[in-house]
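Peer 1: So that we are looking at the same thing, I have put the structure below in structure tokens.
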Amino acid sequence: MPTPASKVQIKRWLWRWRGVLLAIPAATAITIGIREAGLFQGLELFAYDQVLQGRPREPIDRRVAIVSITDADLRRFGTTSLSDGVYATAIERLKAMGPRAIGLDIYRDLPQNPGHDRLVQVFKNTPYLIAIAKVHGTMAADRVAPPPALVGTDRVASNDFVADLDGKVRRAFISAVDPNHPDQQIYGLGLYLALLYLDRDGIGPEEVPQEPGAFRLKRAVFRRLHSNDGGYIRTNDSGNQLLLNYRGPRNSFEMASISDLVDGKLPANWARDRVILIGNVSESGRDFFATPYSGGLLDVPDRMFGVEIHAHFVSEVISAAKEGRPLITSWSEPIEWLWIGLWATVGSTLAWLLRLPDSRWWLVAWGVGGSVGSIGLLLAVCQVAMIQGVWIPLVPPLVSLVSGAAAVAIYLAQTAGQIRNTFGRYLNSEVVSNLLENPEGLKMGGERRKITILTSDLRGFTATAEREPPEKVIEIINLYLEAMADAIVSFQGTIDEFMGDGILVLFGAPTARPDDGKRAIACAVTMQQAMAGVNERLVALGYQPLEMGIGINTGEVVVGNIGSYKRAKYGVVGAQVNLTYRIESYTIGGQILITESALAEAGGTDYVQVAGTREVTPKGVPQAITIYSVGGVDAPYHLQLTQQQEDYRELDMPLSLTAQSLDGKDVSDRQWSVMLVALSERGGELQVKSLAADQPLWKPLTNLKLSLSAAALPDTLTPSLENREMYVKVLAVGDRPDRCLVQFTGRSPDLTHWLQSLYDCAKTDPVAASAID
């Protein structure tokens, strides 16, 4: 039984190769379906011809020779058709040379005087002389009878050929049904002559057990062709057919003209121990056929004479029986299907590996090299197999190779939407489109552009993250970011980055719009409004409510693809980005602060409702700048922030605390003794116990760390560090120089509940302040 670990490994492997595993059966099934429909047959036969021509040229088979009847011979005898007397003379001269078999590939169903009686005698007196008859034809007029002298004997053979739809002869008849005797078979001329030759060597046909129709000649087994063998699909396989294994193109056998034979010009032993075929090779005789060697795609067809085709068949049978020269065979259909599936695997794997190239050079090398190499390997395998006599399909595997790659491409195209959606969880959809559809989208580098930048951050979330387990922290963050992302997307902002509980949003990149500034501020207001719903869900889940501050700035930055071709991100760099973070750091929970440039970009106070202003000098900025607190925006969005007025209540017993200022994340070593003299729901009022003249009170927006002594805590609170520390931001200095108003930015839940109870018990104080004056 597989272990859980092995199951995981298998599942990962299946997912890693999912595109290939889906493409292979699809491409294989489609290719086989098209093949079974017969649509590849013409191309497959053409490919068969090419690999047949690609074999090494074989030497002339001296065991077979041809007595040719040329146009010159016809002129020599002064006729368009030679008389029976000429043939009688030719055969008698051949008999004197001692051939093993003679095949007369000339119809002699009618007398052609002079010399008919002599030819009849030659027929009767030459037992190894084989005449022909045409036995195939839809009507009797299409058939040609044998010479009358040989009717009823076993010395008649069929000279029929099987032409494919393109007119080429690739098959020959081993035997065919005798039309005059349907229960009898008549040999094909080539086989009959070969059997006569082999008989002198003691080689004769033997039955092959459990293979009806097959026979053995010493070293070779002859099996009939079936309708779906090789590249054929439902071809006519009537009779007993065999694929012709040509030795080569025309002139593969020795030829002598019938004039030279009749005139006694041939050597006395020229025909000894040979098979001699007598046939017409004249242009006027028109006894020629197209064969696999009749030319390539752009060559002029070079047809082969019928007597030559018979000679090839004779040679094929003799060579197979005596030397083991291979007959052309093919695989069974199941093996061919596996072969097609193999190349679908190759094509889909190549395409699948190309989807994540390490570099452009790898893409070119693997794509071009892999494709060319695969096709070259397929051609080489088919060529080597044909040399060995095996007809392996070429076109269907080639199609399945391409189909496998295409199936992967289709799969990737169909999942493009899913990829975009997944990608869009990390990048804005406009960035995705820019990367995937723009030719320059993946180019490394950037461009200067004026954009509006929005940053947000949660107040006091670090302490929450330290208290809660990581799983709970992620749950809180995801709930918060989901709501914020919905608001940002609704205003067409580009989420450039999630940084823990912080968000960096761009308006104007990658797509710039004339209202980027307006949408940025409206988006910020909507984000703050959305915090109410977020806190409702958090409280329902048992968590503390959260507060968020937002800073917005407009300026010129560099935007583009940052990194390398192996790993990059769409980002933004520049001093204006840093300034935006500084502005955001001045905010308290629920507040939006914007720069003067952002206000101007949005249309000024005609659009933005300003709730307050303040002069600040951010780090890295040489002079003070004005920032604005946003209270809402006007048309077309009409959004308002809830302005919460703080109700400060004096404490009967002020709390003694130690205060330390914060510079970023660093806590100052300098300490102040302070008292918390008043509380509101979100903050309080601090009084410095002793303030020297040269020790001014903190400026507004200063962050402080306040520490309680363990003795100051009530018994209901554990004296842990988180219950003794809280963080505040200075809002404003009060009427008295030793006092200032602060707002809490971080405190533990237990400390929050205790301070709330103190507030509930305190009397109302007339002191009240807004966030920023």
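Peer 1: For the pair S81 and N269, what calculated FRET efficiency results from E = 1/(1 + (r/R0)^6), where r is the Cβ-Cβ distance and R0 = 25 Å, to the nearest 0.05? List each step's numbers first, then the result.
Peer 2: Values: r = 30 Å, r/R0 = 1.21.
So the FRET efficiency works out to roughly 0.25.
Peer 1: Order 455-461, 311-317 from most to least packed using the mean count of other Cβ atoms within 10 Å. Write out the running numbers ahead of the final one.
Peer 2: On the way: 455-461: 22.1, 311-317: 27.3.
Result, highest mean first: 311-317, 455-461.
Peer 1: Computed from the mean reciprocal separation of all distinct C-alpha pairs, what Kirkwood hydrodynamic radius does the range 583-740 have, in Å? Mind showing how you got there, number by number?
Peer 2: Working: mean 1/r = 0.0560 Å⁻¹.
Kirkwood hydrodynamic radius for the range 583-740: 17.9 Å.
Peer 1: Please determine, in degrees from 0 to 90 and to the nearest 10, the orientation of helix 41-53 with respect to the longest principal axis defined by the Cα atoms of the chain, where the helix direction is its Cα long axis.
Peer 2: Approximately 70 degrees, to the nearest ten.
Peer 1: With the Cα gyration tensor of the range 1-148 giving a ≥ b ≥ c as the square roots of its eigenvalues, does the rule (a/c under 1.5 for rounded; else a/b larger than b/c for prolate; else oblate) give rounded, prolate or oblate? Present the calculation step by step, with values, prior to reporting the outcome.
Peer 2: Details: a/c = 3.93, a/b = 3.23, b/c = 1.22.
Here the range 1-148 falls in the prolate category.
Peer 1: Can you tell me the 0 to 90 degree angle between the C-alpha axis of helix 516-540 and the longest principal axis of the chain, rounded to 10?
Peer 2: Tilt relative to the chain: about 80 degrees.
Peer 1: Looking at this model, which pairs from K569/K729; K569/K619; K450/K699; K472/K665 are more than 30 angstrom apart at the alpha-carbon? Write down the numbers at each step before the final one.
Peer 2: Working: K569/K729 35 Å; K569/K619 27 Å; K450/K699 32 Å; K472/K665 24 Å.
Table pairs above 30 Å Cα-Cα are K569/K729; K450/K699.
Peer 1: Determine the dipole magnitude for the range 1-98: charges of +1 sit on the beta-carbon of Lys and Arg, -1 on that of Asp and Glu, nothing else is charged, the reference point is the Cα centre, and the result goes in debye to the nearest 20.
Peer 2: Numbers: 14 positive and 9 negative charges, 193 e Å.
Rounded to the nearest 20 debye, it is 920 debye.
Peer 1: Here's something else I'd like to know. Given axes a ≥ b ≥ c from the Cα gyration tensor, I'd like to know whether the range 552-664 is rounded (a/c under 1.5), prolate (a/b larger than b/c) or oblate. Working shown, then result.
Peer 2: On the way: a/c = 2.22, a/b = 1.40, b/c = 1.58.
Since a/c reaches 1.5 but b/c is at least a/b, the shape of the range 552-664 is classed as oblate.
Peer 1: How far, in degrees from 0 to 90, does helix 470-490 lean away from the longest principal axis of the Cα atoms of the chain, to the nearest 10?
Peer 2: 80 degrees
Peer 1: Project the alpha carbons of the chain onto their principal axes and report the range along each, largest first, in whole Å.
Peer 2: Largest first, the chain extends 150, 57, 44 Å along its Cα principal axes.
Peer 1: Here is a follow-up. Convert each backbone phi in the range 215-225 into a coupling constant with the Karplus relation 6.51 cos²θ - 1.76 cosθ + 1.60 (shift: θ = phi - 60°), then list the ³J(HN,Hα) values in order as whole Hz, x for Gly and Pro.
Peer 2: For the range 215-225, the Karplus curve yields 8, 10, 10, 6, 8, 10, 10, 9, 10, 5, 6 Hz.
Peer 1: Take each of the peptides 219-232, 176-189, average the number of other beta-carbon atoms within 10 Å over its residues, and list them starting from the highest.
Peer 2: Details: 219-232: 18.8, 176-189: 16.9.
Per-residue Cβ counts within 10 Å, averaged per peptide and sorted highest first, yield 219-232, 176-189.
Peer 1: Shifting gears a bit: Between Q756 and L479, 0.36 nm times their residue separation minus their Cα-Cα distance comes to what?
Peer 2: On the way: separation 277, 0.36 × 277 = 99.72 nm, distance 2.63 nm.
That pair, Q756 and L479, stretches by 97.1 nm at full extension.
Peer 1: Any idea which of N228, V733, A712 is furthest toward the positive side of the dipole for the chain, if Lys and Arg beta-carbons carry +1 and Asp and Glu beta-carbons -1?
Peer 2: Result: N228, furthest along the dipole toward the positive end.
Peer 1: Taking the alpha-carbon distance from K689 and a cut-off under 14 Å, which aspartates and glutamates remain once sequence neighbours fewer than 8 residues away in the same chain are dropped?
Peer 2: Within the straight-line cut-off, K689 pairs with D738.
Peer 1: Please check which bits of the range 123-157 a label hung off N236 would reach, taking the label as a point 7 Å along Cα-to-C-beta and the cut-off as backbone N under 16 Å.
Peer 2: 134-144
Peer 1: Please report the spacing between the Cα centers of the range 509-564 and the range 595-635 in Å, no decimals.
Peer 2: Value for the Cα centre distance between the two parts: 16 Å.
Peer 1: To the nearest 0.05, how large is the calculated FRET efficiency for D735 and E615 if R₀ is 22 Å and r is the Cβ-Cβ distance? Write down the numbers at each step before the final one.
Peer 2: Numbers: r = 20 Å, r/R0 = 0.93.
Given R0 = 22 Å and the Cβ-Cβ separation, E is 0.60.
Peer 1: To continue, here is another question. Using the beta-carbon distance between E36 and L110 and R0 = 30 Å, what value does 1/(1 + (r/R0)^6) give for FRET efficiency, to the nearest 0.05? Walk me through the numbers on the way to the answer.
Peer 2: Working: r = 47 Å, r/R0 = 1.56.
With a Förster radius of 30 Å, E is 0.05.
Peer 1: Could you give the Stokes-Einstein D for the range 589-644 in µm² per second, using the C-alpha Kirkwood radius, 37 °C, 0.692 mPa s? Before the final figure, lay out the partial values.
Peer 2: Values: Rh = 12.0 Å.
For these conditions, the coefficient is 273 µm²/s.
Peer 1: Evaluate the range 622-698: find the radius of gyration of its Cα atoms, find its Kirkwood radius, and give the ratio Rg to Rh.
Peer 2: Values: Rg = 18.0 Å, Rh = 16.2 Å.
Here Rg/Rh amounts to 1.11.
Where a number appears in this text, it was derived from the coordinates with a stated rule and is not lab data. These figures come from a predicted structure and were not determined experimentally. Don't worry about glycine lacking a Cβ; one is built from the backbone with ideal geometry, like all the others, and counts go over all protein chains shown.
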